[in-house]
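Student: First, the structure itself, so that you have it in front of you.
The values are calculated or read from the model by the stated rules, or taken from the named source; none is laboratory data. Keep in mind it's a predicted model, so treat the numbers as computed, not measured. We place every Cβ from the backbone using ideal geometry, glycine too, and count neighbours over all the protein chains shown.
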Amino acid sequence: MPTFRYQTLNGTPRTGGFSEVEAPDRAGAIRQIVQRGQTPTAVEEVRTGGAIDAGALARRLGTPRTRRLSRAHTASLVRELATAIGAGLPLVQSLRALARAGATEARRSILEHLIIEVEQGRPLSEAMRAYGPPCTELIVSLVGAGEAAGRLGEVLRQTASLLDRDVRLRRSLLGAMLYPLIVLGAVAVAVIVVVTVIVPRVLGAVSGQLKSIPLPTRIVQGVAHFVGDWWPLLLLAALGVAALWRLARRRPAWRLRIDTGLLRLPVVGPALRDVAVARFTRTLGTLTGAGLPVLASLRVTRQTLGNRAMEDAVDRVCEQVAAGRTIAEPLERSGWFPPLMVQIVALGEQTGRLDEMLTQAADAFEEKTEQSIKVLTTVLPPALIILMACVVGFVVLSILLPLIEMQERIG
């Protein structure tokens, strides 16, 4: 009979950090361990012909919280689980099938954890909550609602679709910002090289032959000397600004001011708001459609917005809903949500079809988000190029003016 080595949370391991048990297969080994009142965290068969490397096993399986999946891989895993359950496989068998096909250590780690927890009789949602990221509160709430309604396969498909849309939305926003950032970085590097290297050499040859240096030239020379003399201090200042920015994002009051300011920016602000509204609409519609109460759905949806100003608006909505009032009125008073969405929410509350109305409206808001991103990618790069062209033009002017003046004196 095969021998399995294992580690537990509440058991006393033997030498080397592992205990052993004999069982016909791994599932039988886990059942024996659970019957002993222990919670296994790593179970591995001891292969014939050599002992297992305990350190390698610990590195491969690790603890559940050390293994992370990307958003795209999480969506893929949820969809595959939904497909297996929809095909009629029991939950544990579905998890085992996915574990055998696991391509990465992170994927195998989370599935091993879920299998152990579910075999001990815990619901899948509780097993996911115990694992932590990438099992977010959104995923856990949807899975719990699906288990309570007996529609786990269907709700998992909805969850996978929601995650896929969120991944596409994030990639679209990242793609919209990538090109402007590349343009800005390239032009900034070019200006720094010209100002600190080329300009001093060119002007050094002519500055002694002129009685008065033109103002643009003096400005560029001053900047070049300042950067050349104080660049370590400037580097430290840049690092300090970055650290201060991260600290401000962690402080609720500062983050509220920053996010409010971002929403009020031209071009960028409407794009960020449209992204948050599209995510809010789709997520709230999915949660309420899965059978989750409206108040709980709002609290989970709040975590997906990514903007503190809009999160505070949803907090006020939750307070109003808990007091027995409607959702639409506090949404309208916040000023951050478009009138169309407020009307859709009000109509959905009146007809009792809030989930259907939000799901249908989500497509329109996501299309509007794509248009806002296109506007951002259309307007921002030319604006940056014009700004940098003015800077480069000023630098070139600072070089040409003394050369022209010296040529006139010679002529």
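Student: Within region 304-339, how many residues turn out to be within 26 Å of ALA271 (Cα to Cα), of a type outside the set (A, V, I, L, M) and in a loop (DSSP other than H, G, I, E, B)?
Tutor: In the first step, residues of region 304-339 are kept if they are within 26 Å of ALA271 (Cα to Cα); the result is 304-318, 327-339.
Add one more test, that the residue is of a type outside the set (A, V, I, L, M), and what stays is 304, 306-308, 311-312, 315-316, 318, 329-330, 332-339.
From what is left, the residues that are in a loop (DSSP other than H, G, I, E, B) are 304, 306-307, 335-338.
Count: 7.
Student: Considering only residues that are in a helix (DSSP H, G or I) and of a type in the set (Lys, Arg), which ones fall in region 343-390?
Tutor: If we filter region 343-390 for residues that are in a helix (DSSP H, G or I), which is where we start, we get 343-351, 354-390.
Listed by number, the residues that qualify are LYS368, LYS374.
Student: One residue is enough: does region 240-258 have a residue meeting the conditions loosely packed, with under 12 Cβ neighbours inside 10 Å, among the β-branched types (Val, Ile, Thr) and in the same structural domain as LEU400 (by TED's automatic domain parsing)?
Tutor: Yes: region 240-258 contains one or more residues that are loosely packed, with under 12 Cβ neighbours inside 10 Å, among the β-branched types (Val, Ile, Thr) and in the same structural domain as LEU400 (by TED's automatic domain parsing).
Student: Hey, can you tell me all the residues within region 320-355 that are of a type in the set (A, V, I, L, M), surrounded by fewer than 21 Cβ atoms within 10 Å (Cβ to Cβ) and in contact with a helix residue (DSSP H, G or I) (Cβ under 8 Å, 6 or more places away or on another chain)? I'd like the intermediate steps shown before the answer.
Tutor: Quick first cut of region 320-355, residues of a type in the set (A, V, I, L, M) only: 321-323, 327-328, 331, 340-342, 344-347, 354.
Subsequent filtering for residues that are surrounded by fewer than 21 Cβ atoms within 10 Å (Cβ to Cβ) retains 321-323, 340, 342, 346-347.
VAL321, ALA322, LEU340, VAL342, ALA346, LEU347, listed by residue number.
Student: I've got another one for you. Does LEU262 satisfy being surrounded by 15 or more Cβ atoms within 10 Å (Cβ to Cβ) and assigned to a helix (DSSP H, G or I)?
Tutor: yes
Student: Which one of these is over 25 Å from ASP166 (Cα atoms) and modelled with pLDDT of 85 or more: THR351, THR301? Steps first, answer last, please.
Tutor: Values: THR301 fails: over 25 Å from ASP166 (Cα atoms).
Result: THR351 is the single residue among THR351, THR301 that is over 25 Å from ASP166 (Cα atoms) and modelled with pLDDT of 85 or more.
Student: Here's another thing I want to ask about it. Could you please find all residues in region 242-280 being under 24 Å from ALA176 (Cβ atoms) and over 20 Å from the mean Cα position of the chain (by Cα)?
Tutor: If the condition is that a residue be under 24 Å from ALA176 (Cβ atoms) and over 20 Å from the mean Cα position of the chain (by Cα), then GLY261, ARG264, LEU265, PRO266, VAL267 are the ones that fit.
Student: Would you mind telling me which numbered condition in (1) more than 19 Å from the chain's Cα centre (by Cα); (2) under 20 Å from GLU356 (Cβ atoms); (3) modelled with pLDDT of 85 or more ALA149 fails?
Tutor: Single failed check for ALA149: (3).
Student: Which condition breaks for VAL275 when tested against (1) among the β-branched types (Val, Ile, Thr); (2) buried (at least 20 other Cβ atoms within 10 Å of the Cβ); (3) without any contact (Cβ under 8 Å) to a residue 60 or more places away in the chain?
Tutor: Condition (3) is where VAL275 drops out.
Student: Test ALA99 against the stated conditions and say whether it is part of a helix (DSSP H, G or I) and at pLDDT below 85. Break it down into steps so the answer makes sense when it comes.
Tutor: Working: part of a helix (DSSP H, G or I): yes; at pLDDT below 85: yes.
So ALA99 fits the description; yes.
Student: Continuing with the same structure: Would you say ARG171 is in the same structural domain as GLU311 (by TED's automatic domain parsing), farther than 29 Å from ALA383 by Cα and without any contact (Cβ under 8 Å) to a residue 40 or more places away in the chain? Before you say what the answer is, go through the steps one by one.
Tutor: On the way: in the same structural domain as GLU311 (by TED's automatic domain parsing): yes; farther than 29 Å from ALA383 by Cα: no; without any contact (Cβ under 8 Å) to a residue 40 or more places away in the chain: yes.
Here the answer is no, as ARG171 does not meet what is asked.
Student: Scanning for something in contact (Cβ under 8 Å) with a residue 24 or more places away in the chain, under 23 Å from GLY269 (Cβ atoms) and of a type in the set (Ser, Thr, Tyr), does region 391-398 turn up at least one residue?
Tutor: Quick first cut of region 391-398, residues in contact (Cβ under 8 Å) with a residue 24 or more places away in the chain only: 391-392, 394-395, 397-398.
Filter once more, so that each one left must be under 23 Å from GLY269 (Cβ atoms): none.
Checked against the condition, which is being in contact (Cβ under 8 Å) with a residue 24 or more places away in the chain, under 23 Å from GLY269 (Cβ atoms) and of a type in the set (Ser, Thr, Tyr), region 391-398 yields no hits at all.
Condition check ((1) within 30 Å of VAL183 (Cα to Cα); (2) surrounded by 14 or more Cβ atoms within 10 Å (Cβ to Cβ); (3) not hydrophobic (A, V, I, L, M, F, W, C)) across all residues:
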site	(1), (2), (3)
MET357	no, yes, no
GLU367	yes, no, yes
PRO382	yes, no, yes
VAL391	yes, yes, no
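Student: Considering each residue of region 281-303, count those that are buried (at least 19 other Cβ atoms within 10 Å of the Cβ) and assigned to a loop (DSSP other than H, G, I, E, B), and give that number.
Tutor: 2
Student: Oh, and also: Looking only at region 304-342, count how many residues are free of Cβ contacts under 8 Å to residues at least 60 places away in the same chain and either farther than 18 Å from ALA276 by Cβ or among the hydroxyl-bearing types (Ser, Thr, Tyr) (or both). Lay out the reasoning, then the answer.
Tutor: Looking only at region 304-342, we keep the residues that are free of Cβ contacts under 8 Å to residues at least 60 places away in the same chain, and these are 305-335, 339-340, 342.
Checking which are either farther than 18 Å from ALA276 by Cβ or among the hydroxyl-bearing types (Ser, Thr, Tyr) (or both) leaves us with 319-326, 329, 334.
Within region 304-342, residues that are free of Cβ contacts under 8 Å to residues at least 60 places away in the same chain and either farther than 18 Å from ALA276 by Cβ or among the hydroxyl-bearing types (Ser, Thr, Tyr) (or both) number 10.
Student: Name the single residue, out of those in region 104-140 being surrounded by fewer than 22 Cβ atoms within 10 Å (Cβ to Cβ) and either of a type in the set (Ser, Thr, Tyr) or assigned by TED's automatic domain parsing to the domain that holds ALA290 (or both), that is nearest to GLN7 (Cα to Cα).
Tutor: TYR131
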